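What follows is one structure encoded as structure tokens, with my remarks underneath.
The values are calculated or read from the model by the stated rules, or taken from the named source; none is laboratory data. What you are looking at is a predicted structure, and each value in this text was computed from that prediction instead of being measured. Because the Cβ atoms are built from the backbone with ideal geometry, glycine has one as well, and the counts that use them run over all protein chains shown. Areas reflect the complete protein model, heavy atoms only, side chains present, ligands, DNA and RNA absent. Shrake-Rupley method; radii C 1.70, N 1.55, O 1.52, S 1.80 Å.
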Amino acid sequence: MAKVALITGILGQDGPYLAELLLKNDYKVYGLMRRYSNPNFENLDYLGLTNKIEFVEGDLIDEASLMNIVKIIQPDELYNLAAQSFVGGSWHQAKLTTEINAFGVLYLLHALKTFSPTTRFYQASTSEMFGLQHVGGYQDETTPFHPRSPYGISKVYAYWMTVNFRESYGLFTCNGILFNHESPLRGIQFVTRKITDGVARIKAGLAKDLHLGNLEAKRDWGFAGDYVEAMHLMLQKSKPSDYVVGTGDNHSVQEFVELAFKYADIPDWKKYVVIDPRFKRPAEVPVLRAKAAKAEKILGWKAKLSFDKLVKMMVDADLKRYNAK
Ligand code: NAP
Ligand code: G4F
């Protein structure tokens, strides 16, 4: 019998890539989405998947909606990707971020314990939980947490609740502690897509400049299509555990900018980039870099797409969107 998966956050960046992987593996895929007056299926359409998903309406802050959905579907695997995932916005909407990212996870776990205790659960945890902490510039599963934003703090709560339902009730729950992963489906507010979209607009004559914040921050950037494989692998193991997932390499925002302008054939990026204090954060995470040895050893997972190829893929996709090649 085909396995059944429920993905929350199906309309975001990772949801469609994960759905694509599960559909290729013959899963029946349910996707949880909020109720909209005008839903946006652009990312699922981009991968040609909209008609292959069974949509269910619910909201992470509406516990009863989650209880009903879990009771009816009783999925083999539940991937919780839904979140208010924009770090920058989490200072302005700290309560909402907490309700979705922290309490939403408690509600899901409680629904599983009550109606579907054999479901395997994936929680989208994040390198933002490490914040300021690193040992020699790396973070792994043993690195303590020091989150720097309401987003990071909400995800620490969800991380520990996921561990606690495993330890208290024997649920099969895993935290994937994923470092930044990007793609042409990345939301436009995140710095990588903001840069590639901005570069394409400049190339197409639709914009004169690109306003950015801190160019010195360093991130361990990989490709979302690679990272959803790690999510799936975690739920196929005989025992649940928590895994750091990243490339092991990092680059500054400025390096991303330089490459993006280069791939779009626009000389002298400094002529276009404006440092704008509006995009600086009250507290920054200066450097993230994964040590993903556990994922490599136990899951056999390794990032495939290089930084250069990722930047090129995103620039090309945005140039195509604006017909600017
Ligand atoms: P994303 O593009 O922002 O997608 C998040 C999805 O969650 C959106 O489709 C959003 O729906 C949905 N959502 C938000 N609030 C909801 C609510 N109250 N109820 C139901 N759905 C809700 O994020 P992503 O990049 O795919 O990331 C997936 C997950 O991984 C997130 O939990 C994120 O925090 C985590 N993560 C991401 C990264 C990364 O680098 N991408 C790294 C580590 C962890 P709408 O379409 O309605 O807004
Ligand atoms: O692209 P960002 O907004 O991603 P950030 O804050 O690292 O968070 C992403 O990755 C996390 C995993 O580590 C996820 F959990 C989270 O959900 C999200 O997907 O910013 C990256 C860096 C930051 O240091 C930021 O200060 O870029 C810097 N930056 C500089 N100028 C900017 C800008 N970020 C944004 N969004 N916009 C700017 O203009």
Note to self: Just to confirm, what accessible area per residue do you get for region 216-281 at 1.4 Å probe, in whole Å²?
What the structure shows: 46 Å²
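With N set to the residue count of region 1-91, report its C-alpha Rg divided by 2.2 N^0.38 Å to two decimal places.
Numbers: Rg = 13.0 Å, N = 91, 2.2 N^0.38 = 12.2 Å.
My calculation over the Cα atoms of region 1-91 gives 1.07.
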Next item on the list: Let me have the relative contact order for region 52-173, percent, based on Cα pairs under 8 Å that are six or more residues apart.
Entry: 29 percent
Next item on the list: Tell me the label-point distance for the pair residue 169, residue 215, using the 7 Å Cα-to-Cβ offset, in nm and rounded to one decimal.
Entry: 5.0 nm
Next item on the list: May I ask you to list the trypsin sites (Lys or Arg not before Pro) in region 173-269 that are in a DSSP loop and have at most 14 other Cβ atoms within 10 Å of their Cβ?
Entry: 208, 237
Next item on the list: Using only Cα atoms, find the angle between the long axis of helix 307-321 and the longest principal axis of the chain, and express it within 0 to 90 degrees, rounded to the nearest 10.
Entry: 80 degrees
Checklist line | Charge tally in the Cβ shell below 14 Å around residue 216, where Lys, Arg are +1 and Asp, Glu are -1, residue 216 excluded | finding: +1
Check: Assigning unit charges at the beta carbon (Lys, Arg +1; Asp, Glu -1) and nothing else, what dipole magnitude in debye, to the nearest 20, does the chain show about its Cα centre?
Finding: 260 debye
Notebook entry, point to check: So which residue, out of 157, 27, 46, gets the largest mean-square fluctuation from a GNM of the chain using Cα contacts under 10 Å as springs?
Noted result: 46
Checklist line | Accessible surface of region 45-85, 1.4 Å probe, proportion on carbon and sulfur as whole % | finding: 43 percent
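Mean 1/r over all different Cα pairs, inverted: what Kirkwood radius does region 256-325 give, in Å?
Taking every pair of different Cα atoms in region 256-325, averaging 1/r and inverting gives 15.4 Å.
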Notebook entry, point to check: Among 221, 269, 91, what's the order by accessible area (1.4 angstrom probe), most exposed first?
Noted result: 91, 269, 221
Next item on the list: For the chain, compute Rh as the Kirkwood radius over C-alpha pairs and then the Stokes-Einstein diffusion coefficient at 20 °C and 1.002 mPa s; write the answer in µm²/s, rounded to an integer.
Entry: 106 µm²/s
Next item on the list: Would you calculate a helix-derived [θ] at 222 nm for the chain, using -39,500 (n - 2.57) for each DSSP H run of n ≥ 4 and dividing by the full residue count, to the nearest 500?
Entry: -11000 deg cm²/dmol
Check: Expressed as a whole percentage, what fraction of the accessible surface of region 145-236 belongs to carbon and sulfur atoms when a 1.4 Å probe is rolled over the protein heavy atoms?
Finding: 50 percent
Checklist line | Principal-axis tilt of helix 224-234 within the chain, Cα atoms, nearest 10 degrees | finding: 20 degrees
Check: Looking only at region 145-175, which residues have a backbone nitrogen under 19 Å from a spot 7 Å from the Cα of residue 95 in the C-beta direction?
Finding: 150-155
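What does the extension gain come out to for residue 298 and residue 284, with contour length at 0.36 nm per residue minus their alpha carbon separation?
1.8 nm
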Check: When the gyration tensor of region 38-177 is built from Cα positions, what are the square roots of 5 times its three eigenvalues, in whole Å, from largest to smallest?
Finding: 26, 20, 15
Notebook entry, point to check: So what does log10 I(q)/I(0) come out to for region 165-304 at q = 0.14, 0.16, 0.20, 0.21 Å⁻¹, using the Debye formula with one equal point on every Cα and no solvent?
Noted result: -0.74, -0.88, -1.15, -1.22
Check: GNM on the chain, C-alpha springs below 10 Å: top fluctuator among 205, 89, 152?
Finding: 205
Next item on the list: Send over a whole-number figure in Å² for the accessible area per residue of region 172-213, probe 1.4 Å.
Entry: 31 Å²
Checklist line | Debye log10 I(q)/I(0) for region 174-226, one point scatterer per Cα, at q = 0.26 Å⁻¹ | finding: -1.10
Item checked: Pairs from 194/262; 28/155; 239/302; 208/280 whose Cα-Cα separation, in the structure shown, is over 25 Å -> 28/155
Check: Which aspartates and glutamates, on any chain, are close to residue 3 with Cα under 12 Å apart, when same-chain ones fewer than 8 places away are left out?
Finding: 26, 76, 77
Next item on the list: Working with all protein chains in place, sort 278, 289 by solvent-accessible area computed with a 1.4 Å probe, largest first.
Entry: 278, 289
Next item on the list: Distance between Cα centroids, region 211-238 to region 75-128: provide it in whole Å.
Entry: 17 Å
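Which whole-number percent gives the relative contact order of region 227-317, counting Cα pairs below 8 Å spaced six or more residues apart?
47 percent
Just to confirm a number: summing +1 for Lys and Arg and -1 for Asp and Glu over residues other than residue 55 whose beta-carbon lies under 12 angstrom from that of residue 55, what do you get?
+1
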